[in-house]
Amino acid sequence: MPTTATGWGTEAADQPLKPMTIERRDLRPDDVAIKITYSGICHSDLHVCRNDWGGSRYPVVPGHEIVGTVTAVGDEVTRHRVGDTVAVGCMVDSCMECDQCLEGWEVFCRKGCVQTYNSKDYHDGTVSKGGYTDHIVVRDHFVLKVPEGMDVSRVAPLLCAGITTYSPLRQYDVGEGTRMAVVGLGGLGHMGVKLGAAMGAHVTVITTTPGKGEDARKLGAHDVIISTDAEQMKAAATRFDFILNTVPVSHEIDGYLNLLGRSGRMIIVGALTPMPGFVGVNLILWNRAVGGSAIGGIPETQEMLDFCAAKNIYPDVETIRMDQVNEAYERLLKNDVRYRFVIDMGSMEAAA
Ligand SMILES: NC(=O)c1ccc[n+]([C@@H]2O[C@H](COP(=O)([O-])OP(=O)(O)OC[C@H]3O[C@@H](n4cnc5c(N)ncnc54)[C@H](OP(=O)(O)O)[C@@H]3O)[C@@H](O)[C@H]2O)c1
Ligand SMILES: [Zn+2]
Ligand SMILES: [Zn+2]
């Protein structure tokens, strides 16, 4: 018999999140059942709840930054045991046979990976429901090991904000001597700062919020630019080798392209919707490039968790109760989060 999970989700784009019950499937032989202890709030959760990208399947139960404890495993599972502390990110299944899956890039599975929420299960066609719930059932390959000794109350945001920023830094060899900038100091951006600094880069934060300057330095940034200050932007022309752009909405990029030096590259991870055009000469002069990056594969996600454990890197979190989620969404829209909300899932039991 499938089990009932309690959680929070939304029935429509213009509705707040509210308590709801959902079904979790019986364990398949390669499944792991997890009691969720903490769930991070990613800006993507808000985008999907409000159908900003189209294609939301209601009810939407979001959450793809999940940490918890294994409560049961299917017959064929050998990598995880009951009692293990584990984590789940943005994907819960993929074909595991195509070239992308075999190379550890499950996110680009040719069959289409099954995302943690709002995605159709391959086997039964049900729509996946994410981490704002008390438990979840996930195929073993997509369950990450939380390294021993980590503070579980701060691990969840690594599963999306962490890997989405770690992956492009690794793909483009950011390290000692790289002059790097992070645009947008939010959940992703603040992880980009911490990870870039830990890899040895010289990190500059480019922010629209002057009040975040001091924080940026505390997080590990060496310099700060206020993007609304034309003089500061002009003075920074050609300064960077690499720019990680986390702005969550469509925006002009010419101003940022001008900050790239010779063969510099800007990677967009935030905006998924159509962007305004840019001026070709801003790419051609200085041999600049613009690209994108989507989360990261499962092996790289484990590598990122191990890196963070070894270097003692954690997100800065504000822990909230489940019933504060709607308020948290409104604050996210106002850039008022320092720097990731994490829901203590125990708060649902306490409230019951
Ligand atoms: N590529 C992927 O696989 C992937 C994975 C996860 C998330 N995402 C996407 O990445 C984006 C960022 O997510 P997040 O959770 O980090 O969001 P967030 O916490 O809201 O942070 C975004 C930051 O961008 C800046 N910003 C906001 N609106 C802006 C605007 N109009 N112009 C310039 N800067 C603006 C703000 O920083 P300042 O105050 O410093 O300006 C804000 O704190 C979202 O769109 C999310 O869906 C993509
Ligand atoms: Zn996310
Ligand atoms: Zn595949």
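Please enumerate the residues belonging to segment 251-270 that are more than 16 Å from ligand 1 (Cβ to nearest atom) and in contact with a strand residue (DSSP E or B) (Cβ under 7 Å, 6 or more places away or on another chain).
Leu260, Gly261, Gly264 - these are the residues of segment 251-270 that are more than 16 Å from ligand 1 (Cβ to nearest atom) and in contact with a strand residue (DSSP E or B) (Cβ under 7 Å, 6 or more places away or on another chain).
Can you tell me which residue within segment 286-329, out of those that are over 18 Å from Ala161 (Cα atoms) and of a type in the set (Asp, Glu), is surrounded by the fewest Cβ atoms within 10 Å (Cβ to Cβ)?
My answer is Glu327.
For segment 145-169, give me each residue that is touching a strand residue (DSSP E or B) at 6+ places or on another chain (Cβ under 8 Å), within 16 Å of Val317 (Cβ to Cβ) and not hydrophobic (A, V, I, L, M, F, W, C).
Answer for segment 145-169, where residues must be touching a strand residue (DSSP E or B) at 6+ places or on another chain (Cβ under 8 Å), within 16 Å of Val317 (Cβ to Cβ) and not hydrophobic (A, V, I, L, M, F, W, C): Ser153, Arg154, Pro157, Thr165.
Step by step: first the residues of segment 201-237, then only those that are polar (S, T, N, Q) and surrounded by 15 or more Cβ atoms within 10 Å (Cβ to Cβ), then the one that is nearest to Met180 (Cα to Cα). Which residue is that?
Initial filter on segment 201-237 (polar (S, T, N, Q)): 204, 207-209, 227-228, 232.
Among the residues that remain, those that are also surrounded by 15 or more Cβ atoms within 10 Å (Cβ to Cβ) are: 204, 207, 209, 227.
Details: Thr204: 6, Thr207: 14, Thr209: 19, Ser227: 15 Å.
My answer is Thr204.
Does Met91 meet the test of being away from ligand 2 (no atom under 16 Å from the Cβ) and either of a type in the set (A, V, I, L, M) or closer than 24 Å to Pro157 by Cα (or both)?
no
Determine whether segment 169-182 contains at least one residue that is of a type in the set (Phe, Trp, Tyr) and touching a Leu at 6+ places or on another chain (Cβ under 7 Å).
No, segment 169-182 has no match at all.
Inspect segment 9-25 for any residue being closer than 21 Å to Ser94 by Cβ and touching a His at 6+ places or on another chain (Cβ under 9 Å) and give the result as yes or no.
Scanning segment 9-25 turns up at least one residue that is closer than 21 Å to Ser94 by Cβ and touching a His at 6+ places or on another chain (Cβ under 9 Å).
Restricting attention to segment 214-251, which residues are within 23 Å of the chain's Cα centre (by Cα), over 23 Å from Arg262 (Cα atoms) and not in a loop (DSSP other than H, G, I, E, B)?
Asp215, Ala216, Arg217, Lys218, Leu219
Looking for something assigned to a loop (DSSP other than H, G, I, E, B), more than 15 Å from ligand 1 (Cβ to nearest atom) and of a type outside the set (D, E, K, R) - is there at least one such residue anywhere in segment 177-192?
yes
Have a look at Thr164, Thr228 and point out the one that is within 10 Å of ligand 1 (Cβ to nearest atom), hydroxyl-bearing (Ser, Thr, Tyr) and without any contact (Cβ under 8 Å) to a residue 60 or more places away in the chain. Full working, then the answer.
Numbers: Thr164 fails: without any contact (Cβ under 8 Å) to a residue 60 or more places away in the chain.
Just a single option satisfies the conditions, and that option is Thr228.
Just to verify a result, which residue in segment 120-138, among those that are crowded, with 20+ Cβ neighbours inside 10 Å and more than 16 Å from Asp26 (Cα to Cα), is farthest from ligand 2 (Cβ to nearest atom)?
Across segment 120-138, the extreme among qualifying residues is Thr133.
For segment 77-99, state whether one or more residues are at pLDDT 95 or above, part of a helix (DSSP H, G or I) and either over 15 Å from Ile136 (Cβ atoms) or not β-branched (Val, Ile, Thr) (or both). Give the derivation first.
If we filter segment 77-99 for residues that are at pLDDT 95 or above, which is where we start, we get 77-99.
With the extra rule that they be part of a helix (DSSP H, G or I), the set shrinks to 99.
Still in the running and either over 15 Å from Ile136 (Cβ atoms) or not β-branched (Val, Ile, Thr) (or both): 99.
Scanning segment 77-99 turns up at least one residue that is at pLDDT 95 or above, part of a helix (DSSP H, G or I) and either over 15 Å from Ile136 (Cβ atoms) or not β-branched (Val, Ile, Thr) (or both).
Scan segment 142-164 for residues that are assigned to a helix (DSSP H, G or I), within 14 Å of ligand 2 (Cβ to nearest atom) and of a type outside the set (Ser, Thr, Tyr) and jot them down.
The answer is Ala156, Pro157, Leu158, Leu159, Ala161, Gly162, Ile163.
Give me the residue from segment 100-117 that is crowded, with 23+ Cβ neighbours inside 10 Å and assigned to a loop (DSSP other than H, G, I, E, B) and, out of that set, farthest from ligand 2 (Cβ to nearest atom).
Cys113
Can you confirm whether segment 52-70 contains a residue that is closer than 14 Å to Ser128 by Cα and either within 16 Å of ligand 3 (Cβ to nearest atom) or assigned to a helix (DSSP H, G or I) (or both)?
For segment 52-70, residues closer than 14 Å to Ser128 by Cα and either within 16 Å of ligand 3 (Cβ to nearest atom) or assigned to a helix (DSSP H, G or I) (or both): absent.
Within segment 288-308, track down each residue that is farther than 13 Å from Leu144 by Cα and in a helix (DSSP H, G or I).
Matches in segment 288-308: Phe307, Cys308.
Out of (1) outside any helix (DSSP H, G or I); (2) surrounded by 15 or more Cβ atoms within 10 Å (Cβ to Cβ), what's the single condition that is false for Leu283?
Here Leu283 clears every test but (1).
Please go through segment 265-290 and pick out each residue that is in contact (Cβ under 8 Å) with a residue 60 or more places away in the chain and closer than 16 Å to Val182 by Cα.
Quick first cut of segment 265-290, residues in contact (Cβ under 8 Å) with a residue 60 or more places away in the chain only: 265, 267, 269-270, 272-273.
Correct list: Arg265, Ile267, Val269, Gly270.
Which condition number in (1) within 16 Å of ligand 1 (Cβ to nearest atom); (2) more than 19 Å from Phe341 (Cβ to Cβ) is the one that His141 fails?
Here His141 clears every test but (1).
Is there a residue being aliphatic (A, V, I, L, M), over 17 Å from Cys160 (Cα atoms) and within 15 Å of ligand 3 (Cβ to nearest atom) anywhere in segment 96-116? Give the derivation first.
Step one: of segment 96-116, the residues aliphatic (A, V, I, L, M) are 96, 102, 107, 114.
Remaining after also requiring over 17 Å from Cys160 (Cα atoms): 96, 102.
Cutting the leftovers down to within 15 Å of ligand 3 (Cβ to nearest atom) gives us 96, 102.
For segment 96-116, residues aliphatic (A, V, I, L, M), over 17 Å from Cys160 (Cα atoms) and within 15 Å of ligand 3 (Cβ to nearest atom): present.
Given the conditions (1) more than 15 Å from Gly296 (Cα to Cα); (2) within 16 Å of ligand 1 (Cβ to nearest atom), and given that Gly83 satisfies all but one, which numbered condition is not satisfied?
Of the numbered conditions (1) more than 15 Å from Gly296 (Cα to Cα); (2) within 16 Å of ligand 1 (Cβ to nearest atom), the odd one out for Gly83 is (2).
The values are calculated or read from the model by the stated rules, or taken from the named source; none is laboratory data. A quick note: this is a predicted structure, and the numbers were derived from the prediction, not measured. Cβ atoms come from the backbone with ideal geometry, glycine included; neighbour counts cover every protein chain shown.
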